[in-house]
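Beneath this line is the structure, given in structure tokens, with notes to follow.
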Amino acid sequence: MMKQKIALQLYSLRNSVKGDFKAQLQTAAAIGYQGVEFAGMHGISAEEMKPFLEKLKLHPVGAHTPFNELENNLDEVIAYHKTIGTQYLVIPYAEFREKADAEKVVSLSKKISPQIRAAGMRLLYHNHSQEFTVRFDGKTVLELLRDQTSPEELGFELDVFWAIHAGFDPVDVMEQFGDRCVLVHAKDMNNIQDKKMTEVGTGIVDFRKIIAQCNTMEHLWIIVEQDEIDMDEYKSVEISLKNLQKM
């Protein structure tokens, strides 16, 4: 039985209702999502966003926030998301060509996490496949980020698709990372040969096993995200939601 609430990473709807971000939020709520994860605020002020989310009964679970914004505009980022009630600020991507790149993420996390925690939020890192396939000193990038930071300094948002894409079992990763794994991104894979994204419940990913592990770890949120969609975007995220709910 699924205990978690389900949120939508709004990047999945980036091509829909262009220029009308509120319409995306309204549709996400109408489909049945209980929360959202942002990938940009589209010019809407925090004072306007907060009551709009409350009206739609959408919880602001997290916000993917580019590295440079966290590095250069932290005060503004924190003020905005504290106002609307966001739980997690998430580093969505970083490049790892050399060990110094990983050390830069570690350094930034140590520097900004106290201020983020003081505001009632937590800093997370979201993986792609490179964090599993790139290694320095015998460790994957994800392991380096974990081992060189404390749980207070950095948590993780595990993208199960990219873990499988890199040849890793996401449940094994969740077990190894324990309570450092805070959120889960749900997207499915059509087959292991093509490794193409598809709607949750229509591919090879064993989401029942993942949900069972989430239950064990008492995760409150699973977040649907699909970077590449071959159908109407709203239909896609509705299929993923309904299939997760059935599980």
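Points worth noting:
- If you go through the stretch 139-156 and keep only what is in a helix (DSSP H, G or I) and buried (at least 16 other Cβ atoms within 10 Å of the Cβ), you end up with Val141, Leu142, Glu143, Leu144, Leu145, Arg146.
- Filtered residues of the stretch 172-198 (kept if closer than 21 Å to Ser12 by Cα and open to solvent by 10 Å² or more (accessible area, probe 1.4 Å)): Val182, Asn190, Asn191, Asp194, Lys195, Lys196, Met197, Thr198
- When the residues of the stretch 75-118 are filtered to those that are of a type in the set (A, V, I, L, M) and farther than 28 Å from Lys139 by Cβ, the one that is surrounded by the fewest Cβ atoms within 10 Å (Cβ to Cβ) is Ala118.
- Filter pass, Asp169 being open to solvent by 10 Å² or more (accessible area, probe 1.4 Å), within 23 Å of Glu103 (Cβ to Cβ), among the acidic types (Asp, Glu) and at pLDDT 95 or above: no
- The set of residues in the stretch 118-138 that are in contact with a Gly (Cβ under 8 Å, 6 or more places away or on another chain) and part of a loop (DSSP other than H, G, I, E, B) is empty.
- Per-region count, the stretch 199-236, residues of a type in the set (A, V, I, L, M), open to solvent by less than 10 Å² (accessible area, probe 1.4 Å) and farther than 22 Å from Val182 by Cα: 0
- Residue in the stretch 99-109 that is farther than 20 Å from Ser150 by Cβ, out of contact with any strand residue (DSSP E or B) (no Cβ under 7 Å at 6 or more places or on another chain) and part of a loop (DSSP other than H, G, I, E, B) present: no
- From the list Thr133, Thr65, the one residue that fits, being of a type outside the set (Lys, Arg) and open to solvent by less than 40 Å² (accessible area, probe 1.4 Å), is Thr65.
- Residues that are closer than 15 Å to Glu225 by Cα and either among the small types (Gly, Ala, Ser) or open to solvent by less than 10 Å² (accessible area, probe 1.4 Å) (or both) were ranked within the stretch 11-23; the one that is farthest from the chain's Cα centre (by Cα) is Ser16.
The values are calculated or read from the model by the stated rules, or taken from the named source; none is laboratory data. Everything numeric in this text was worked out from a predicted model, so none of it was measured. Neighbour counts run over all protein chains shown; Cβ positions are idealised from the backbone, glycine included. Quick note on the areas: whole protein, heavy atoms, side chains included, nothing else; ligands and nucleic acids left out. Shrake-Rupley method; radii C 1.70, N 1.55, O 1.52, S 1.80 Å.
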